[in-house]
Amino acid sequence: MTSFTMHRPSPWRSPLGAQAPTASTSPRLATDPLGDHRLAMLARKEPTRRLVRDVIGLRRLRKLSQSALAAELGVSKRTWQEWEQGRRLPSGVGRALLNRWAHEQPEWPGNTADDSSP
């Protein structure tokens, strides 16, 4: 009886045996060895992450449940949970909702008695 084992090709080698791209063979790796593109994407998303963290803090200060906050924002509870737990980030409309809600709160650091009068 002959045993049969499947050979699984390495993801770093092509079927023809060529090596995976390295900094010397790939122009992208040569120009971006530290992942500058990835760092730029993270930096671009940081203001949104900060806004979500601020809204979480305000939600806890006001002792609101996730459901209550979602209702105030006008989004589903599941959407708010995705944002709060960091699985998703709010898009442009979601960011605008969070920003408006945060600035309406008296606990928001930028709000003073002068700002609250219409």
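Have a look at G92, G57 and point out the one that is out of contact with any Cys (no Cβ under 8 Å at 6 or more places or on another chain) and surrounded by fewer than 12 Cβ atoms within 10 Å (Cβ to Cβ).
G92
Would you check which residues across segment 40-59 are of a type in the set (G, A, S) and closer than 15 Å to E107 by Cβ and list them?
G57
Quick check on W80: is it surrounded by 15 or more Cβ atoms within 10 Å (Cβ to Cβ) and free of Cβ contacts under 8 Å to residues at least 40 places away in the same chain?
So W80 fits the description; yes.
So, in segment 79-111, of the ones that are out of contact with any Leu (no Cβ under 8 Å at 6 or more places or on another chain) and more than 25 Å from L42 (Cβ to Cβ), which residue ends up modelled with the highest pLDDT?
R100
The values are calculated or read from the model by the stated rules, or taken from the named source; none is laboratory data. What you see is a predicted model; the values in this text were computed from it and never measured. We place every Cβ from the backbone using ideal geometry, glycine too, and count neighbours over all the protein chains shown.
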